[in-house]
1. Quickly work out the I81-to-E56 label distance, labels modelled 7 Å from Cα along the C-beta direction, and quote it in nm with one decimal.
2. Which ³J(HN,Hα) values, rounded to whole Hz and listed in residue order, are derived for segment 45-53 from phi using the Karplus coefficients 6.51, -1.76 and 1.60 in 6.51 cos²θ - 1.76 cosθ + 1.60 with θ = phi - 60°, glycine and proline given as x?
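None of the figures in this text is laboratory data; all of them are computed from the coordinates on show. As the structure is a prediction and not an experimental result, all values here were calculated from the model. Cβ coordinates were reconstructed from backbone atoms using ideal geometry, including for glycine residues, and neighbour counts include every protein chain displayed.
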Amino acid sequence: MAVCLGRAGRGHNVRTLGWPIQLAYHVDGLSFLFAFMAAGIGAAVLLYSVGYMAHEKGTTRFYSFVLIFIAGMIHLVYTPIYF
């Protein structure tokens, strides 16, 4: 896994079951800002949903899906593929 500070890099190629997977992250000020915004909005949604979902069934599944979505958004912000 590679972390590039300030500019996009090539990363490391990892072969898993014959499929090449590139693991790399691009970290700069703008990507950090957007990741912070995604995490902040996700935290606000989670805090609001505690009271809203208090009497519902399946809250564990709901919270796990929301956390997976937030992690996906943060990963999408840090990926160097679009540079």
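1. Placing both labels 7 Å beyond Cα along the Cβ direction yields 3.0 nm.
2. Rounded to whole hertz, the list is 5, 5, 5, 5, 6, 4, x, 6, 9.
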